[in-house]
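What follows is a short report on a single structure.
The values are calculated or read from the model by the stated rules, or taken from the named source; none is laboratory data. Just so we're clear, the structure is a prediction, and the values are computed from it rather than from any experiment. Backbone-built Cβ (ideal geometry, glycine too); neighbour counts: all protein chains shown.
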Amino acid sequence: MVSREYPPFIVGGVARHTFYLAKYLRKKGTLVKVVSFGDPRLNSEDAVFIEPRSSIISRDPQNVVEDAKVLFDIARFTSAVKSILKNDNFDILHVQEPYVGGLISFEHKVTTIHDTSFGEIKSYLKYLDSGSFRRLVFYITTGYAMELASIATSKVVINPSLDVAWEMIKVYRAPLEKLRVIPNGVEEPSTSEPDRLSSRRLLGLPEDHFIVFSTAQHVGRKRLETIVKAAKILKDKGFKKFTAIIGGKGPLTKYLEELATNLGVQDVLKFSGWIRDEELPLYYRAADAFVISSEYEAGPITMLEAGIRGIPLIVSDVPSGLLMIARDSEHCLKFKLGDARDLAEKILTLSSDYGLWKKLAQGAKVFASAFKWNNIADKTIKVYKEVLSG
């Protein structure tokens, strides 16, 4: 299994997907070796890390020189994976990141394309700061080319949602017979996780506040500025016992922090930075609501992780992935994309109606429980067997 990034390092959604899928495939008797960028000193029987020499896994904006080395790193990575495939006896090559695995050839190759350069480009065009511009250049050139290469070199392409599969057909001209839809998954939470009050104390959060949590990479398509503006509206309405937390970092972090300062909401809005995996459950448990403000999402694992813990969900009303499948007022509350006032109203409604809060907490749990990793691993093994049988 090939991924651009992989735990124990701070990682994004694709790497978390890779980690949990590998974990549950192993539980079912499949031997899995993951190859990723990282620290080679942490190599093991289950994971091989290739030391990066560019900004390819950097979470913070880098200079142009570091970005220019990305292509060199992809070439090194491709060569390393080919060597591993040549020296070991593998049945399946499963590429989780087409950007680093598009040029790797293997007889039984499967690629998961979680979201597309096409979708990223549409969002980045709205935020042409220097960091976003460099990412935009990557998606237009390398990203798009590697996705096309992945489609050409793979027996099967897995997408986490129907709308991404539709992009594969309409934009990338992928053959319909190559495509399979398998959603992202979620792990049942540990029974030893602290409760709501204990989590707040451990994180130093107000015990009597209504806490809204969101975490994502700070890029255009996540539309996190909607949460910042909603915090301003709530503050102006006199909602005093309210705290919003935005996790993650990215090219737009500085913009979001400056927006919060300009709107005067630093007292009710906190930026936590990247949250370690072992701390993430604390934030979920401490929250009264989890918000996804994105305009483009295939299958956000964070939505499932919050939902399975019974945290009510507030999501943008976009026809994309899990956000499209979740039913309004049953599994979640939906607000108009980019409409901070509507988001603020949904937060106020949820905070003042405990009956609705309980209903949505249960609805979120029911929704997320349909996507447990055990079932996702079964669907993936079925694809492997299909590929091996020709």
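General remarks:
- Evaluated against (1) of a type in the set (G, A, S); (2) buried (at least 16 other Cβ atoms within 10 Å of the Cβ); (3) outside any helix (DSSP H, G or I); (4) at pLDDT 95 or above, S272 falls short on exactly one condition, (2).
- Where strands (runs of 3 or more DSSP E) fall wholly inside region 283-343, the ranges with 2 or more residues that are out of contact with any Leu (no Cβ under 6 Å at 6 or more places or on another chain) are 289-292, 333-335.
- Within region 312-324, residues that are closer than 16 Å to D115 by Cβ have Cβ atoms under 8 Å from residues that are of a type in the set (F, W, Y) and modelled with pLDDT under 90 in these pairs: V318/Y296; S320/Y296, counting only partners at least 6 apart in sequence or on another chain.
- Region 359-381, subset aliphatic (A, V, I, L, M) and assigned to a helix (DSSP H, G or I), residue farthest from G29 (Cα to Cα): L360
- Selection from region 230-285 of residues that are within 22 Å of G307 (Cβ to Cβ) and over 24 Å from the mean Cα position of the chain (by Cα): F242
- Considering each residue of region 337-352 in turn, at least one proves to be under 22 Å from the mean Cα position of the chain (by Cα) and buried (at least 23 other Cβ atoms within 10 Å of the Cβ).
- Complete set of residues in region 258-310 that are over 26 Å from M324 (Cβ atoms) and of a type in the set (D, E): E258, D267, D277, E278, E279
- The residue list G247, G220 contains one member that is in contact (Cβ under 8 Å) with a residue 12 or more places away in the chain and under 30 Å from I151 (Cβ atoms), which is G220.
- With respect to the conditions (1) buried (at least 17 other Cβ atoms within 10 Å of the Cβ); (2) in a helix (DSSP H, G or I); (3) among the hydrophobic types (A, V, I, L, M, F, W, C), L356 lacks only one, and its number is (1).
- For region 147-162, the candidate set comprises residues that are in a helix (DSSP H, G or I) and surrounded by fewer than 24 Cβ atoms within 10 Å (Cβ to Cβ); within that set, the residue that is modelled with the lowest pLDDT is L162.
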